Amino acid sequence: MSGDEHEDAVDRIAADWQRERPDLDVTPLAFVGRIALVAETLIGPAGERAVEQHGINKGDFDVLATLRRRGAPYSVIPSVLSAELMMSRAGMTKRLDRLEGAGLVRRTLDADDRRSFRVTLTEEGLAIVDAALTDLVECLGGLVAGLGQDERHHLDNALRTLLRSHQR
């Protein structure tokens, strides 16, 4: 790895470990480290900037996008939102309180179960999530623009295989 004009910080760290621990194959450390670095330094911050310009944070976007993906009437019970976003019901309640206060969702009694309620996107919430999604897709597209179509396809397939191999 040393001396390559394409070497990066991950390569240098891996080379250091390979020198110090020649008994280990540190290839997984480099590969996974590079994935984490891309997620933490490129994807996460870029995605946050894309949605924050619409007055919402990533957590708010996740709720609004989950409702939007369901299609009209963009409505679901809170326990479904909690499950899909893998968050506690208390955390979801806090997030929904904030979104309702901002006029982006409304909560109404569920016609099918009067003990529960439904969360529905408002017109303003729909407009914001659509605009934020447009900017997010454009932003992420810019991040991968340096990869060729074949590279994107192979990377997508490899990451899909990695995720599937660890799902229960």
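Return a yes/no flag: does the stretch 93-114 have any residue that is hydrophobic (A, V, I, L, M, F, W, C) and within 30 Å of ILE13 (Cα to Cα).
no
For the stretch 116-136, how many residues are out of contact with any strand residue (DSSP E or B) (no Cβ under 9 Å at 6 or more places or on another chain) and either in a loop (DSSP other than H, G, I, E, B) or at pLDDT below 95 (or both)?
Number of matching residues: 0.
Considering only residues that are surrounded by 13 or more Cβ atoms within 10 Å (Cβ to Cβ), in a loop (DSSP other than H, G, I, E, B) and of a type in the set (A, V, I, L, M, F, W, C), which ones fall in the stretch 21-62?
If the condition is that a residue be surrounded by 13 or more Cβ atoms within 10 Å (Cβ to Cβ), in a loop (DSSP other than H, G, I, E, B) and of a type in the set (A, V, I, L, M, F, W, C), then VAL26, ILE56 are the ones that fit.
Just to be sure I understand, how many residues within the stretch 97-106 are open to solvent by 20 Å² or more (accessible area, probe 1.4 Å) and part of a loop (DSSP other than H, G, I, E, B)?
Of the residues in the stretch 97-106, 2 are open to solvent by 20 Å² or more (accessible area, probe 1.4 Å) and part of a loop (DSSP other than H, G, I, E, B).
For the stretch 1-14, give me each residue that is touching a helix residue (DSSP H, G or I) at 6+ places or on another chain (Cβ under 9 Å) and either in a helix (DSSP H, G or I) or open to solvent by 90 Å² or more (accessible area, probe 1.4 Å) (or both).
Passing the criteria: MET1, SER2, ALA9, VAL10, ASP11, ILE13, ALA14.
Check ALA83, ALA131 and return the single one that is out of contact with any Lys or Arg (no Cβ under 7 Å at 6 or more places or on another chain), of a type outside the set (Asp, Glu) and touching a residue at least 60 places away in the same chain (Cβ under 8 Å).
ALA131
Can you name every residue in the stretch 137-166 that is assigned to a helix (DSSP H, G or I) and among the polar types (S, T, N, Q)?
GLN149, ASN157, THR161
From the set of residues in the stretch 65-86 that are touching a strand residue (DSSP E or B) at 6+ places or on another chain (Cβ under 8 Å) and in a loop (DSSP other than H, G, I, E, B), which is modelled with the lowest pLDDT?
ILE77
Let's see how each residue does on (1) under 19 Å from GLY44 (Cβ atoms); (2) surrounded by fewer than 11 Cβ atoms within 10 Å (Cβ to Cβ):
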| site | (1), (2) |
| --- | --- |
| LEU64 | yes, no |
| SER79 | no, no |
| ARG95 | yes, no |
| THR108 | no, yes |
| ALA132 | yes, no |
| GLY141 | yes, yes |
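The values are calculated or read from the model by the stated rules, or taken from the named source; none is laboratory data. Fair warning: this is a prediction, and the values are worked out from it, not measured in the lab. Note: ideal-geometry Cβ built from the backbone for every residue, glycine included; neighbour counts use all protein chains shown. Note: accessible area is taken over every heavy atom of the protein model, side chains too, but ligands, DNA and RNA are not part of it. Shrake-Rupley method; radii C 1.70, N 1.55, O 1.52, S 1.80 Å.
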